[in-house]
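Student: Please see the structure below; I have some questions.
What follows is calculated from the coordinates using simple rules that are stated; it is not laboratory data. Every value quoted in this text rests on a predicted model; they were computed, and no experiment measured them. Glycine gets a Cβ as well: all are built from the backbone with ideal geometry, and neighbour counts include every protein chain shown.
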Amino acid sequence: MDKDIFKLLIDDPDEGMKQIEVLFGKKIIKRVSQFIKDNEFLKDVIQNVYLDIFLCREKIVTNNNPLGYILKMARNHAIKALKKEHIGSKAPLKELKYHTAENEADKSLMLNEALEQVLLKAEELTERERNLMHCIVKEGLNNREIEEKLGLTAQDVRNVKYIAFKKLRHHFDVLSKD
């Protein structure tokens with residue numbers, strides 16, 4: 001019976017796609033949702049999987065295990081989508097696996113609060129350290145850009161950065177022990 005359904009992809013592609021979606025749609029969604037937890041992102045990947053099923057229908061029909069082939073395609077699409085998301089956000093891939101829209105708002109709020117605490121503590125640093133921290137935290141500059149902006153040498157940037165971070169770590173270590 002399964003082979004007949006997959007042969008329907010060649011004979012009548014529209015009906016074949018409907019049958020695949022009805023009979024195997026839940027399995028495909030389950031396979032992709034193993035990797036992607038965000039519903040909107042999941043819908044996009046599922047659409048790409050169905051598009052790929054339609055485009056590769058000859059390969060699917062000639063394969064010994066057509067359903068396994070489709071599930072493998074679904075898994076590969078999920079992994080590719082996660083990799084693209086990983087490249088765009090520069091976050092560890094493990095974190096993206098459990099990426100949800102609700103967590104994103106909480107993380108950004110917590111990050112903003114942490115940055116505010118760092119900048120409040122930065123008021124107690126020397127002027128040079130404070131300027132450097134402002135460049136790092138608020139503007140997101142790297143060492144070379146900080147050198148150009150503040151007119152420091154590479155070694156001065158590294159030293160000031162080390163001392164400022166050491167002071168901040170000490171401050172936050174004391175707070176965490178309280």
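Student: Largest first, please: the extent of the C-alpha atoms of the stretch 2-97 along each principal axis, to the nearest Å.
Tutor: Sorted from largest, the Cα extents of the stretch 2-97 read 44, 21, 17 Å.
Student: Another question, if that's okay. So if we plug the beta-carbon distance of N76 and Q155 into 1/(1 + (r/R0)^6) with R0 = 41 Å, what FRET efficiency do we get, rounded to 0.05? The partial results should precede the final answer.
Tutor: Numbers: r = 47 Å, r/R0 = 1.16.
According to the calculation, E is roughly 0.30.
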